[in-house]
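The values are calculated or read from the model by the stated rules, or taken from the named source; none is laboratory data. Note that the structure is a prediction, hence the values are computed from the model and not measured. Neighbour counts are summed over all protein chains in view; Cβ atoms, including those assigned to glycine, are modelled from backbone coordinates with ideal geometry. Protein only, heavy atoms only, side chains kept; ligands, DNA and RNA dropped before computing areas. Shrake-Rupley method; radii C 1.70, N 1.55, O 1.52, S 1.80 Å.
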Amino acid sequence: MSTRNSNNIFRQVDWLTIGLFLVLVMFGWMNVLGASYSFDQTSYFSFDYRSGKQLVWIMGALLMGFVILMLDWRVIEMSSYVLYGGMLLLLIATPFLAHDIKGSMSWIDLGPVRLQPAEFAKITTALALSKFMSGYDYKLRSWHDLLIPFIIMGVPMVIIMVMQKETGSALIFVSFFLMFYRMGMTGIVLLIGAAAVVLFVLSLVAGAWTAVAVVGACAAIAIAFLFYRKWKDSRKWRLSQLFIVIGFAIVSSVYCYACHFAFEKILQPHQRTRIEVLLGLKDDPQGAGYNVMQSKIAIGSGGVLGKGFLNGTQTKMNFVPEQATDFIFCTVGEEWGFAGSTMLLILYLSLILRLLSIAERQKDQFSLIFCYCVAGIFLFHLTINVGMVLGLVPVIGIPLPFLSYGGSSLWGFSILLFILLRLDASRFEKMR
């Protein structure tokens, strides 16, 4: 790339987004240090400690970001399918190369570090979806148009969930529904998704028979409404409407029994316990509920202004498991208090809103779709991780973007963001 083109890119790049990225990354490093710091630690920057390793990951992320900005945007688009296919092969090979870590087969040892390919699978999946859905003849008009995008999204999701036994990383692919909705997917799909969640909870809390009874009652009300509308308005209504209601009731009833079966026979014991603790079906303060209980104590002990940097007692005494990774937010709450936690959430909200703003100014479908994929991924990670730490959702083990310790997650989020920035920087070039 010529010097002139390089200068154009750096003039067009969204520096506000880069600024938010740098603030979050450095604040994340401070909290990794706070969560892992011990009084006998001799250096903040030594690779022997997590803070030193995280600093190396940050330097690597910045280098990757620079390289991505130097790439031609056409290379990114043209290599989408190749990257997606290569990642699928790596995901399939991972269980045969990985060691069992708490029941998960998703980490590959590379000497002194470990790599989790699932963190990068969402990047290649977003690229493949963007490439396919930006095709010349593609329009999202009906259910049939969602078939191939759902396959593109579902294949890595199933591989990660079934072969690698990594539920949290697999659920991240649900975040692409924000993009589907923006591109024209009917709201009925979201309504069905919400109904599925309600029926799942109801079948576990009240039992499958009760859930079926509720479905039957709702179906009866809907059928009565159809007959009432026909009688009141003296208008013909299609028989297909009646079949839709009955079919939905039958499918929902089968789904309730399937939820009960999956919960009892498919989910791992620790996964069942986490859901039961969340729904109040079981009290396990020394087991599955221990993480959440200790994280709440840590956050609550921070008060309004927090205990101060490196002064968190809960984190220093290692009461909170995984406090530098999945539960990093409790370190923020303890050391920086309610004020610091609120400022962090404002930073995340500002980043996500900025990504949506960038998405809407794109001149081509590929960039628009990819930007919405990235925004959905960040929003999903933030919502689930913070909700998990606060005990609002089950503990499924997903990192907080740019804050949680680990090279795979930091590099994965950074690559997503800088690809978005590279595509955005070339938006005027695509108009020529």
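For this structure, a couple of remarks:
- Projected onto their three principal axes, the Cα atoms of the stretch 1-134 cover extents of 52, 40, 23 Å, largest first.
- Residue among 389, 198, 13 with the largest mean-square fluctuation in a Gaussian network model of the chain, springs linking Cα atoms under 10 Å: 198
- Protein accessible area in the stretch 349-432, 1.4 Å probe - carbon and sulfur %: 64 percent
- Rounded to the nearest 10 Å², the accessible area of residue 148 at probe 1.4 Å: 80 Å²
- The stretch 77-149 versus the stretch 22-39: alpha-carbon centroid distance in Å: 29 Å
- Sum of side-chain charges, residue 310 neighbourhood, beta-carbon under 12 Å (Lys, Arg +1; Asp, Glu -1): 0
- For residue 260, the accessible area of its heavy atoms, probed at 1.4 Å with every protein chain present, is near 80 square angstrom.
- Shape of the chain, Cα gyration tensor, a/c cut at 1.5: oblate
- Think of the stretch 288-361 as having a plus end and a minus end, set by charges on the Cβ of Lys, Arg, Asp and Glu; of 297, 320, 342, 342 sits farthest toward the positive end of this dipole.
- Solvent-accessible surface (1.4 angstrom probe) belonging to residue 44, in square angstrom, nearest 10: 90 Å²
- From helices alone, the chain scores -22000 deg cm²/dmol at 222 nm; the rule is -39500 (n - 2.57) for each run of n ≥ 4 DSSP H residues, then divide by the residue total.
- Gain upon complete extension [residue 56, residue 296; 0.36 nm per residue less C-alpha separation]: 83.3 nm
- When the Gaussian network model of the chain links Cα atoms closer than 10 Å, the mean-square fluctuations of 251, 386, 67 top out at 251.
- Rolling a 1.4 Å probe across the protein heavy atoms gives the chain an accessible surface of 49 Å² per residue.
- Sites residue 142 and residue 429, calculated FRET efficiency, Cβ-Cβ separation with R0 22 Å, nearest 0.05: 0.05
- Just checking the listed ones, 98, 194, 375: in the Gaussian network model of the chain with Cα springs under 10 Å, the one fluctuating most is 194.
- Here r is the Cβ-Cβ distance between residue 390 and residue 190 and R0 is 22 Å; the resulting FRET efficiency, rounded to 0.05, is 0.40.
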